[in-house]
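Let me begin by presenting the structure, written as structure tokens, before commenting on it.
The values are calculated or read from the model by the stated rules, or taken from the named source; none is laboratory data. For clarity, every value in this text was computed on a predicted model and none was experimentally measured. Heads up, the Cβs are rebuilt from the backbone with ideal geometry, glycines too, and the neighbour counts pull from every protein chain shown.
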């Protein structure tokens, strides 16, 4: 049987691949220091289901999402980000990943382009290709003033993640206005992934929902996964104009039907309560980020500038190491999981992403110390790394 060439040629998600190795090694009783997970663990209590119609949760709900939850999300944006979002411009689906994919499906005709700002969350690229488009990267070290030079007659949208995974960069209001004006002038959409919108300290998060009240060429995607620490619930949402939302609703009906009804009901009942627990924990995590930054400087690591999210993007170009080989060997030999930078763009092969959301500061410090030693004292090759994976009965990465 001949399977889809497109799917066969789609590589695994590199961060997920590394975390699958973590799960496998943990099943073998290995104690892994996990700096590869794209989430932080919050202490969130169980609020009970006594006030929820459990039987209703067995069934389909509105394909746009429960009206009551959409109202809560609109109120949240308007209260915390000073926007003027109407709930009727919100659609809820089973996670922001599928929403982003539906956005690309709705925008792209064959071989049209989506411009992506590096370093970028790894699934943008593959989702664009699955939607018969062509991903094109705006280099991480290029000045945003030159954005219009990268836009051509095949470009349909520019994608940014604000704040950024994997750097922690927070786009300023000035930068966002500049980007939006160029996109508007070039008649392309600006897609803003605001999944880490609450992971900001010292500065105020500026949502792109404030750029244009009509959202004419704006697509904003967010979810419960990061800000509310509920990645397993798979509830994401879209904020956009009525015309584009109608396209996504149609795809949502065919691909998802609706987000899990009962989970939407639970979230609607407890939205404010959950925020009261997660907001202080996010603040503490960002103070932790500042302390981890002092560790990086102590070990003389270079990294891209950022002050938000729970990620750091470390530059290892001066060590002449293969990032993928280094990460696999660190995991097998030293029980430390880190994601290689080549997952995040065309020009980021000499970087590593570390996540500080799930481990103690002491473990992170010790891991950085071991990483520094490996960079300076060892040399890893792809060939020997693949042999080590085979020897340990661990799956190879499918590129």
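On the basis of being within 11 Å of residue 33 (Cβ to Cβ) and surrounded by 16 or more Cβ atoms within 10 Å (Cβ to Cβ), does residue 360 make the cut? When the stated conditions are applied, residue 360 does not pass them. Restricted to strands (runs of 3 or more DSSP E) entirely inside the stretch 139-233, those with at least 3 residues that are touching a residue at least 60 places away in the same chain (Cβ under 8 Å) and touching a helix residue (DSSP H, G or I) at 6+ places or on another chain (Cβ under 9 Å) are 189-193, 218-223. With respect to residue 297, is the statement that it is in a helix (DSSP H, G or I) and either more than 30 Å from residue 362 (Cβ to Cβ) or touching a strand residue (DSSP E or B) at 6+ places or on another chain (Cβ under 7 Å) (or both) true? It is false that residue 297 is in a helix (DSSP H, G or I) and either more than 30 Å from residue 362 (Cβ to Cβ) or touching a strand residue (DSSP E or B) at 6+ places or on another chain (Cβ under 7 Å) (or both). Within the stretch 348-367, being free of Cβ contacts under 8 Å to residues at least 24 places away in the same chain and not in a loop (DSSP other than H, G, I, E, B) holds for one residue alone: 362. Looking across the stretch 7-47, the residues that are more than 21 Å from residue 359 (Cβ to Cβ) and out of contact with any helix residue (DSSP H, G or I) (no Cβ under 9 Å at 6 or more places or on another chain) come down to 8, 46.
Condition check ((1) under 26 Å from residue 304 (Cα atoms); (2) surrounded by fewer than 24 Cβ atoms within 10 Å (Cβ to Cβ)) across all residues:
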position: 107; (1), (2): no, yes
position: 112; (1), (2): no, yes
position: 119; (1), (2): yes, no
position: 136; (1), (2): yes, yes
position: 141; (1), (2): yes, yes
position: 144; (1), (2): yes, yes
position: 155; (1), (2): no, yes
position: 158; (1), (2): yes, no
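Might you let me know whether the stretch 283-292 holds any residue that is over 17 Å from residue 37 (Cα atoms) and crowded, with 17+ Cβ neighbours inside 10 Å? Within the stretch 283-292, not a single residue is over 17 Å from residue 37 (Cα atoms) and crowded, with 17+ Cβ neighbours inside 10 Å.
Rundown of residues vs (1) modelled with pLDDT of 95 or more; (2) under 24 Å from residue 139 (Cα atoms); (3) under 23 Å from the mean Cα position of the chain (by Cα), yes/no style:
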residue: 257; (1), (2), (3): yes, no, no
residue: 298; (1), (2), (3): yes, no, no
residue: 314; (1), (2), (3): yes, yes, yes
residue: 343; (1), (2), (3): no, yes, yes
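The residues of the stretch 234-292 that are within 23 Å of residue 53 (Cβ to Cβ) and outside any helix (DSSP H, G or I), listed by number, are 234, 235, 237, 256, 257, 258, 259, 260. Evaluate the stretch 176-192: report whether one residue or more is closer than 24 Å to residue 286 by Cα and surrounded by fewer than 23 Cβ atoms within 10 Å (Cβ to Cβ). Checking the stretch 176-192: at least one residue is closer than 24 Å to residue 286 by Cα and surrounded by fewer than 23 Cβ atoms within 10 Å (Cβ to Cβ).
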